[in-house]
Amino acid sequence: MKSLFLMLVLLPVLAAGQIKSVVARYPIDDPSIENLNDGILGRWKFEEDTNKNNFYEIIRGAPYAVDRYHILFWDRGGTNPTYESNMHFSKIGKARFINVPYFEGHFSHKGYFFLKILAVNADFTKMTAATVHDTTLWNLDKAGVKQRIASNVNNPAYYYDTVHFYKVK
């Protein structure tokens, strides 16, 4: 199951039917310069990926919006960018989340899924996260998404698949 997490979008996450069921129409909150942490910049690999040549590249700055990060997922041995979008951090209490855009087809179904950051080492070269697994998020308004996640922020059963990333560059 963890290799499927990589296929769609973590920034490919889970199979389309599974991730589609836990997508929200709205992010936790809007991007904010206050929630930036440039330790995320660089190239990252997903430990659970069976193809060790794939990676994520995270950049910030022109021509992209300065209050968020631009992410590219490179598969086929790191030669083919198959996912590209903007992402941003959100905070709920002391918990930090990554809002990852999700879309399929010709953007007929688009929204966000969320990763709760469980741990980051001191030099920001390793990160562990878990996906929010809530099938009610799609039906909530913007305030409702944040409230629902906040009410479950410390509930381990609210999350699915723990994933591990390490920085390579």
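Suppose the filter is in contact with an Asp or Glu (Cβ under 7 Å, 6 or more places away or on another chain) and small (Gly, Ala, Ser); does SER90 pass it?
Against the criterion (in contact with an Asp or Glu (Cβ under 7 Å, 6 or more places away or on another chain) and small (Gly, Ala, Ser)), SER90 qualifies.
Please go through segment 51-76 and give me each residue that is surrounded by fewer than 15 Cβ atoms within 10 Å (Cβ to Cβ), in contact with a Lys or Arg (Cβ under 9 Å, 6 or more places away or on another chain), over 23 Å from GLU104 (Cβ atoms) and in contact (Cβ under 8 Å) with a residue 12 or more places away in the chain, ordered by number.
Answer for segment 51-76, where residues must be surrounded by fewer than 15 Cβ atoms within 10 Å (Cβ to Cβ), in contact with a Lys or Arg (Cβ under 9 Å, 6 or more places away or on another chain), over 23 Å from GLU104 (Cβ atoms) and in contact (Cβ under 8 Å) with a residue 12 or more places away in the chain: ASN53, VAL66.
Restricting the search to segment 26-50, which residues are buried (at least 16 other Cβ atoms within 10 Å of the Cβ), of a type in the set (Val, Ile, Thr) and assigned to a loop (DSSP other than H, G, I, E, B)?
Result: ILE28, single match.
Being assigned to a loop (DSSP other than H, G, I, E, B) and touching a residue at least 24 places away in the same chain (Cβ under 8 Å) is the filter; apply it to segment 155-169 and report the residue that is least open to solvent (accessible area, probe 1.4 Å).
Going through the qualifying residues, I end up with VAL168.
Mind telling me which of the residues ASP123, ASP134 ends up being part of a loop (DSSP other than H, G, I, E, B), surrounded by 13 or more Cβ atoms within 10 Å (Cβ to Cβ) and either in contact with an Asp or Glu (Cβ under 9 Å, 6 or more places away or on another chain) or charged (D, E, K, R) (or both)?
Result of the check over ASP123, ASP134: ASP134.
Matching residues to (1) assigned to a strand (DSSP E or B); (2) closer than 26 Å to THR136 by Cα; (3) touching a strand residue (DSSP E or B) at 6+ places or on another chain (Cβ under 6 Å); (4) not hydroxyl-bearing (Ser, Thr, Tyr):
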site: ASN53; (1), (2), (3), (4): no, no, no, yes
site: GLY77; (1), (2), (3), (4): no, no, no, yes
site: PRO81; (1), (2), (3), (4): yes, no, yes, yes
site: ASN86; (1), (2), (3), (4): yes, yes, yes, yes
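Just to be sure before I move on: is GLU84 open to solvent by 30 Å² or more (accessible area, probe 1.4 Å) and touching a Lys or Arg at 6+ places or on another chain (Cβ under 6 Å) in the structure I sent?
Against the criterion (open to solvent by 30 Å² or more (accessible area, probe 1.4 Å) and touching a Lys or Arg at 6+ places or on another chain (Cβ under 6 Å)), GLU84 does not qualify.
Give VAL13, VAL22 a once-over and let me know the one that is closer than 23 Å to ASN139 by Cβ and either at pLDDT below 80 or open to solvent by 60 Å² or more (accessible area, probe 1.4 Å) (or both).
Checking each option against the conditions leaves just VAL13.
State which residue is nearest to the chain's Cα centre (by Cα) when the search covers only segment 137-154 and only residues that are basic (Lys, Arg) and crowded, with 17+ Cβ neighbours inside 10 Å.
Only one residue tops the list, namely LYS146.
Give just the number: which of (1) hydrophobic (A, V, I, L, M, F, W, C); (2) modelled with pLDDT under 90; (3) outside any loop (DSSP other than H, G, I, E, B) does ALA62 not satisfy?
(3)
Which condition number in (1) touching a residue at least 24 places away in the same chain (Cβ under 8 Å); (2) among the hydroxyl-bearing types (Ser, Thr, Tyr); (3) open to solvent by 40 Å² or more (accessible area, probe 1.4 Å); (4) more than 16 Å from ASP49 (Cβ to Cβ) is the one that TYR102 fails?
Just one mismatch for TYR102, condition (3).
The values are calculated or read from the model by the stated rules, or taken from the named source; none is laboratory data. The structure presented is a predicted model; accordingly, all values stated were derived computationally and were not measured. Because the Cβ atoms are built from the backbone with ideal geometry, glycine has one as well, and the counts that use them run over all protein chains shown. The accessibility values were calculated without ligands, DNA or RNA, using every heavy atom of the protein model including side chains. Shrake-Rupley method; radii C 1.70, N 1.55, O 1.52, S 1.80 Å.
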